[in-house]
1. Can you report the number of residues in the stretch C:73-121 which are of a type in the set (Lys, Arg) and at the interface with chain D (Cβ under 8 Å from one of its Cβ atoms)?
2. Go through C:6, C:36 for me and flag whichever is more than 20 Å from residue D:222 (Cβ to Cβ), more than 16 Å from ligand 2 (Cβ to nearest atom) and over 27 Å from the mean Cα position of the chain (by Cα).
3. Among the residues of the stretch C:1-39, count how many are more than 12 Å from ligand 1 (Cβ to nearest atom), surrounded by fewer than 15 Cβ atoms within 10 Å (Cβ to Cβ) and hydrophobic (A, V, I, L, M, F, W, C).
4. Give me the residue from the stretch D:91-148 that is open to solvent by less than 10 Å² (accessible area, probe 1.4 Å), among the β-branched types (Val, Ile, Thr) and closer than 19 Å to residue D:165 by Cβ and, out of that set, nearest to the other protein chains (Cβ to nearest Cβ).
5. Return the residues of the stretch D:129-176 that are touching a residue at least 60 places away in the same chain (Cβ under 8 Å), under 22 Å from residue B:296 (Cα atoms) and part of a loop (DSSP other than H, G, I, E, B); say none if nothing qualifies.
6. What's the total number of residues in the stretch C:386-430 that are assigned to a loop (DSSP other than H, G, I, E, B) and either in contact with a His (Cβ under 9 Å, 6 or more places away or on another chain) or within 16 Å of ligand 1 (Cβ to nearest atom) (or both)?
7. Taking the residues in the stretch D:317-327 that are at the interface with chain B (Cβ under 7 Å from one of its Cβ atoms) and open to solvent by less than 40 Å² (accessible area, probe 1.4 Å) as candidates, determine which candidate is modelled with the lowest pLDDT.
8. Among the residues of the stretch A:287-312, how many are open to solvent by 40 Å² or more (accessible area, probe 1.4 Å) and without any contact (Cβ under 8 Å) to a residue 12 or more places away in the chain?
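The values are calculated or read from the model by the stated rules, or taken from the named source; none is laboratory data. Keep in mind the model is a prediction, meaning the values are calculated, not measured. Cβ placement follows ideal geometry from the backbone for every residue including glycine, while neighbour counts extend to all protein chains displayed. In case anyone asks, the SASA skips ligands and DNA or RNA and just uses the protein heavy atoms, side chains included. Shrake-Rupley method; radii C 1.70, N 1.55, O 1.52, S 1.80 Å.
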Amino acid sequence: APGGEEAAAGGGTDGKPTYAMVFKNTGNPYGEKMMDGFEEAIKEAGGEVILRAPDQPTAEGQIQIVEQLITQQVDSILITGNDIDALQPVLEKAMDAGIKVLSADSAVNPESRMVHVNQADPELIGRTQIQAVSEMIDGEGQIAVLSATSQAANQNLWIEWMKKELEKPEYENIELVKVAYGDDLRDKSTSEAEALLLQYPDLKAIVSPTTVGIAAAGKVLTDKGLAGKVILTGLGLPSEMATYIENGVSPAMFLWNPIDVGYGAGMTAVALVEGDITGALGETFEAGRLGEKEIVEDGEGTQVMLGEPFRFDKDNIGEWKEVY
Amino acid sequence: MEQRTLDQNEYVQRTLKNKQEFSLKKFFLQWEWLLILVFLLVIVINTSLSPYFLNAAGLRDATMVFLDKGFIVFPMVMIMILRDIDISVGSTVALSSVIMATLYNTLNVPMGAALVICLLVGALCGLINGLLIVKFKELSAVIVTLATMILYRGIAYVILEDQASGNFPEWFSFFGWGSVAGIPFILIAFTILAIVFTLLLHKTTFGRQVYAMGNNDTASRFSGVRVDRIKVIVFTLAGLMAAITAIFLASRMGSTRPNVAMMYELDVIAMVALGGISTAGGKGRMIGAIIAVFIIGYLQYGLGLINIPSQTMLIIIGLLLLVSVAVPKMKVNWKFKKSGSKRKLE
Amino acid sequence: MSDYVLELKGITKEFPGVRALDNVDFKLKPGQIHALMGENGAGKSTFIKVITGVHAPNEGEMFLNGERVEFSNPNDAQEKGIAAIYQHVTSYPDLSVTENIFMGHERIQKFTGRILWKEMHDEAKKILRSLGSSIDPKSEMGALSVAQQQIVEIAKAISTKAKIIIMDEPTAALTSRESEELYKITENLRDQGASIIFISHRFEDMYRLASQVTVLRDSKYIGSWGIEEISNEDLIIAMVGREINQVFPERKGEIGEKLLEVEGLGKAGYFADVSFTLHKGEILGLTGLVGAGRTEVCQSLFGIMPYDKGSIVLNGEKVKIQSPKEAIRLGIGYLPEDRQKQGLVLQWSIGRNISLSALSAIGNKGWLRDKKEFAIAKELAEKVHVKANSIFDLVSSLSGGNQQKVAVAKLLTAELDIIILDEPTKGVDVGAKSAIYEIINELASQGYGIIMISSEMPEVIGMSDRIAVMRAGRIVKILNRAIATQEAILEASMTDSTEKNAG
Amino acid sequence: MAETAVESSNELQQEKKASKLAAISKFRELGLLAFIILLCIVVQIKNPSFMTLGNLTDMITNTAILSILALGMMLVLITRGIDLSIGATLALSGMLVAQTVSVYSGLHPLLAILMGIGIGTVCGVTIGFLVSKIGILPIIATLAMMNIFRGMTYTISDGQWISSYQMSESFVSIATSSILGINTLVFIAIIIYIIAFYFINHTRTGRQIYAVGSNPESAKVSGINQTKILVIVYSIMGGLAGLSGVLWVSKFASAQGDTASGFELTVIAACILGGVSIAGGSGKISGVILGAVLLGIMNNALPLMNVSPFWQSAIQGAIILFAVIVNALVKRGVDRNNLLRRKI
Ligand SMILES: Nc1ncnc2c1ncn2[C@@H]1O[C@H](COP(=O)(O)OP(=O)(O)OP(=O)(O)O)[C@@H](O)[C@H]1O
Ligand SMILES: Nc1ncnc2c1ncn2[C@@H]1O[C@H](COP(=O)(O)OP(=O)(O)OP(=O)(O)O)[C@@H](O)[C@H]1O
Ligand SMILES: [Mg+2]
Ligand SMILES: [Mg+2]
């Protein structure tokens, strides 16, 4: 497209480069925090920011938005994919138009992006949760996973790694009895959590690698007075989980800082636009307050790894719950 | 009402006119003019708000993105004229595209055949809806399609589980991305089908019977209209068009999954309603709904270009729907006054 | 006190494009049964609705017992003791009979506002029994037959203990026997001090009941006479503006070969053992009490409600009729009894209605052909003398009689042998009635075989060559015109079926 | 008509018999009830923990909100309307109340509930006004308002959720506490049902709702104020949705922008399963309860039966379809039987 070439020449409205971010859906505090971080990074670098999200978490909605961004000749698009493959054609179109495309948090496939910004190593995320739960239940007993939707790429990957970790001999007394899906809906997650408890009376722990699921499970365990009897861990927002960590239902859970993820992704976008990096393996760049980052391998593509999952427990939840 | 003052003895013999008088007033008071006005308004406002809006390439690409739902609008117009509703169309899109992808990727069926089967699956979904609705008259279309909405998507989940299926042949991307002489293929397909459906609804005996049923189902049956058959055909068409949407959507996304086209039905219903087709049945025209597709499409596109948050977009579209439906209600009064004053002048 | 309980002066009511009432006067004396007559579309029903506050008049005044009143809604009228039985049954099909009777004036407990169901059921039962009906007050209104619903409507008017009761064509759906019942009720009400306005197209009703008659024509007040002051001929002239010489016209054609032979037709729960024959050019009257199942038999022949027993032989060939489309193809046409619900698309023009059942014949390979359609519509509409400006007039804007003519015209589009007419003159004025009779006769003389359902005794006797009498789902007697008398028919329709002597 | 005198005693007996029969056949949801019982038996065989007190309590508690909403939807459907905006109304009221609670943690739970009802009622009155005064078709008015309310919820929440730590103990305990040994949610639902039963069956306004739906034309002639009735009905629906918003947020201890998105379809499904007619005029509380219960059982039992998550939706769809078809067939059977009984 003719518009694309202009964009490639670095056209913003007033000369400043424009950076767009497209999150999964609107009204998601995790996404809001990521956007905050992204904005912070872009402001530091002196660019314009566009923050968008469809009202439903669908790839179709994101495609529409990306089309609009292409027309606006932005310089870079950061996307948190609602679907790993479905955005490929439109993102390829964006790249053809000279726009720097990268994903963060929830990846799109390597062909659709130049680089992915990974909040934490999926392997590490999966393994850490099993290590934690093992410690909490003294390496023995039944555990179950309560996930988001059955299609959620992130969650599925993490669950894969959990299963791998469980193959290690030190976990031979731990049995993963079921992976349930609460579809990130409050009511469904609650029913699923209740069903787990009923179906497996000897259940020792629930691992829920999703914000809505872990909070719903926390609520169920609290209401049923099962604190200490059935352990809860996983990935969740500190604000949502504060109550259940403070009341002992969940001794600890994990997450990374979405502000940092957004910030890191913003810095990566800036580096791409300014030509410091191209997304090739081995390149390094200065990621503001996060220090120097290197582009590493990620299957067939490349990624920037931000850190390890952060552990929240009684000691630190108080300060973090106000943050996000 | 002049006949009242005519000679009463003329009671028995009387000639009737069979040429319809052309009334300019009536012509211009059609709902579609209002829609065109709204459409122009959308264009003007968008152009003034964003320098990128009146950009041929951008407009063309935007058209490619929002038109896929438009295919379902055609049969939905007929369904709503019939006083029914079909909320399973989104699920039909998912199921037919998932089956198409599975056939091609897992069962190694040639893509051409997979496309045909996709259309057949869509039509079959619609046919099942139609048959259930006419065989079980005590169930309304809402409940039948509500159940099949869950069922069809459920089957799509059973087939593909948590997987996406893509890797279509190169040429398949033509549907969603290709152009002929600079005009997007999807726009060409949409235009052709728009003409076909407009003719079908307004120029054929079939369309006439659809309107008859929408106005008075019983009287139509008593007049020898095969009401069941027509209903089944219309619902089958809805399934077929959903399958066409499925093809364009899968092509555009390069892959498909069980959760595509979520909530499409509500968007489609909104477009049809904005197009002046009343869910009370029997009224409205195809052209209105077609204009409505473009109004909503370009409105969303234009608002997107100035980066209005999607929550605000929701509110704006809701208001647009309300206002445009409320205005003609007030038009009645206006028309009344207007015609009164006119009469004095004549 | 005024001499009149109700007096209206200079009432004018306009609808968009229609002046339904034009400077109409009306006076009702206490304890009087006052007939209101006029052609279809004369404005009678509209006038009633002005009285009951459903419509507000554009001009004019209304006095109740000499006192000026203005009703803004039907509740006001009800409170002042005016009750009405409207022309088109205004029931709530999903609600119980009791509720239908008491809608708008439920018995409620003071303070709590609780509805007193038991009291209402008992009262409803009492009123229904006093009307000689055995309807269960707890049953659902929609499950009742049209006649039964009419009774409930009457019960409703009685239950309000109204001083002025208005009945808009209450006998339209009733047979003479049931009408007789209604006459008694009406007279009883009068004797108890109520004043009654009675609208009907049947002269028998007026002569039997009324002491005063007021005529409207073309929205205007024509005059008001004591019943003895005006002759039948003058009254007809006042109503339709011309003379109608003979109500049942002479017929020319003769009866030809056998067209239809029905043998042992039955449908579980509706009718059984129905056998009769129909010849070319013959009019077969089908009568009986309301609810006898006449409609069901005919709808079976037309494929609406397929029969499950028996056989139909058409032109010497055995046929099985499953759908209306098939029936029409085989040459059977049906004029439904409820023209508004079953016969016509009210929101459509005359032309479109006429062409609806012949679309495939008018169209060309599925395409519509406007010219041909309009030409056919015009021809047929003129043939049955529809009174309108053009074939593009909406059917909803026509009066009842003209609507009925459009419905008849619809039948003539197809190539039919047999025409079934279900209550073809229900609620139709004298003028239109005689026009419809003429049409029927003309059709018969053209060689159509005609089955005519009717509850009006003079009509059946005046028109039919033979008369089949139904009772409780069976044909109990078939009478020849020569021997058919009111008494013979009544006897047949009421004799217990166990001692039936089939004809 | 008037054979009363002759065969009065005979008729009386027949009448009694007939009315008994009618009473059975009047219970239109017979097929549904049979289906539910059958389903329960199947589930119980597959997983014996289904019929335990604990599980039943969970199930009923989880169905309480659905059943409250279904009641309001029934009234709307009876008037020939539909309300697609309730999910959004619920979210809006839940979010506003949660925000209020997070600021004024001392807010009495009762006030929070009243506030929710108030917000919902305002939403409902708006819709009622659009439908009755301006004459916009309910499906379109509520579709539009659904967008508007949902957009407002996102806007006022600014993308943030209100989490359980921001809610006071007393607020969260609305959903967890019990009254007279019954969980408060269930208790509220029962109270609402009792009030509704009285309102619908024993007050004039209640009956007028049916009248308006059964035949709007006659309602006009009977002098029923349709505007009033429609506004009342949509306000009740709104009020119940607002109440449900508070209960929802309290039950899950979290308020999100996308709370209960798409829930309106579940609610409508419950109503229609329960025999409420989309065409208006008919619908009974008993039916709606059964409809809600059937959906509740499905939500509860499918996870229990260890059904693959990929099969859940297909099975759910099939069950709904099957249930309505069975119900229709049973109804047909009853009607046919009645017909055959008629002697001809
Ligand atoms: N609500 C309305 N809107 C517009 N026109 C109306 C309305 N009601 C009646 N009319 C018109 O007013 C005229 C008088 O109608 P009305 O029903 O009062 O006649 P009628 O004397 O009762 O006839 P019938 O004997 O057929 O019942 C007719 O032309 C009719 O079409
Ligand atoms: N006691 C009854 N209980 C229930 N339904 C009845 C009863 N009696 C009659 N019916 C039904 O009521 C309907 C009869 O109504 P309808 O008035 O149409 O009969 P009809 O003989 O065709 O009379 P008409 O020609 O006047 O319409 C039929 O469906 C009949 O089966
Ligand atoms: Mg009238
Ligand atoms: Mg009949």
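1. The qualifying residues number 1.
2. From the options C:6, C:36, the qualifying one is C:6.
3. Qualifying residue count, the stretch C:1-39: 1.
4. Among them, the one singled out is D:101.
5. none
6. 15
7. D:324
8. Count: 1.
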